[in-house]
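Contents: one structure, followed by commentary.
Every number in this text was worked out from the coordinates using simple rules, so none of it is lab data. The shown structure was predicted, so the numbers you read here are calculated from the model rather than taken from an experiment. Here Cβ is always computed from backbone atoms with ideal geometry, including for glycine, and neighbour counts include all displayed protein chains.
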Amino acid sequence: MSTATTAPAIRFVEVTRRFGAVSAVNSVSLDVSAGSFVALVGPSGSGKSTLLKMINRLEDPDSGSIDLNGLPVTAEPPPQLRRKIGYVFQNIGLFPHLSVGENIRMGLKVAGETLSAERLQEMLQLVDLAPDIALRMPDALSGGQRQRVGVARALAPAPQILLMDEPFGALDPVTRDALGREVRAIHDRLGLTTIMVTHDMAEALLLADRVLVMEQGAIVGDASPADLLAGKGGAVADALVAIPRDQARRLAELGS
């Protein structure tokens with residue numbers, strides 16, 4: 001895995017987001033280094049997706065600030081900000097009436113730009129899809145292929161940052177594992193800064209350089225995978241790590 005640089009690509013300073021009386025994110029301060037692959041884990045409702053969405057202003061904080069490469073995310077209109085940020089989510093969100101190629105081009109089209117045929121083929125190759133798939137419709141693809149198209153669409157504008165919100169949650173285990181490895185390889189190849197929300201601690205440990213654990217809107221654990229496995233991530237992290245550890249033990253017992 002690549003070694004992250006020390007310059008923060010993303011900085012949260014005392015960020016809070018409330019929904020009524022509930023604090024989904026509660027006074028989070030955090031630096032994410034350029035080039036790092038960060039996994040954000042925690043129980044449902046812990047604030048992971050809300051924290052992620054505030055980076056590209058799908059949600060805005062009630063207080064605090066978020067900087068991208070030293071500039072506030074509010075310094076430019078959201079469409080311009082989002083050109084710098086790829087976003088992949090579980091439900092993929094491909095337009096069913098548009099071909100694969102048209103879906104991949106959509107982000108640039110909205111910004112008034114075009115994606116060349118050569119660049120489109122580069123994006124398909126990057127996510128391991130055949131060239132002729134550009135002419136197919138989303139309903140003719142498997143779940144794994146659709147998610148690959150989603151990744152290609154997110155990366156087509158050449159963003160600096162990739163955000164992923166449970167990107168593999170709807171996939172079967174074999175496809176999920178393969179696509180996770182491919183996304184990690186793409187991250188390394190393009191030198192991206194990636195933040196991935198996942199409920200799967202094993203996935204976080206295998207893919208990320210750094211794992212952030214959230215509970216009730218706060219960061220309660222921040223450690224490398226090796227430190228988490230060594231029990232240095234705190235009580236909430238230990239409980240999450242215990243699940244894949246126990247599964248591995250039970251599988252070993254089945255084979256003994």
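For the reader, a short list of remarks on this structure follows.
- Within the stretch 35-54, backbone nitrogen closer than 18 Å to the virtual label 7 Å beyond the Cα of Asp62 toward Cβ: 45-54
- Cross-link reach is defined here as a Cα-Cα straight distance under 18 Å, omitting same-chain residues fewer than 8 places apart; for Lys53 the aspartates and glutamates meeting it are Glu14, Asp31, Asp62, Asp67, Glu76, Asp165, Glu166, Glu215.
- Direction-averaged projected area, Cα convex hull, the stretch 65-151: 6.6 nm², rounded to one decimal.
- Relative contact order, percent, the stretch 206-256 [alpha-carbon distance under 8 Å, six or more residues apart]: 24 percent
- Between Phe19, Val220, Gly233, the Cα set farthest toward the positive side of the dipole of the chain (charges on each charged residue's Cβ, about the Cα centre) is that of Phe19.
- The alpha-carbon atoms of the stretch 45-87 define a convex hull whose volume equals 81 cubic angstrom per residue.
- Convex hull volume of the C-alpha atoms in the stretch 21-104, normalised per residue: 151 Å³.
- Two numbers describe the Cα atoms of the stretch 171-256: Rg and Dmax, which are 14.1, 42 Å.
- Eligible lysines near Lys109 by straight Cα distance, threshold 18 Å, same-chain separation 8 or greater: Lys84
- Cα-based Rg and Dmax for the chain, where Dmax is the largest Cα-Cα distance (Å): 18.5, 61
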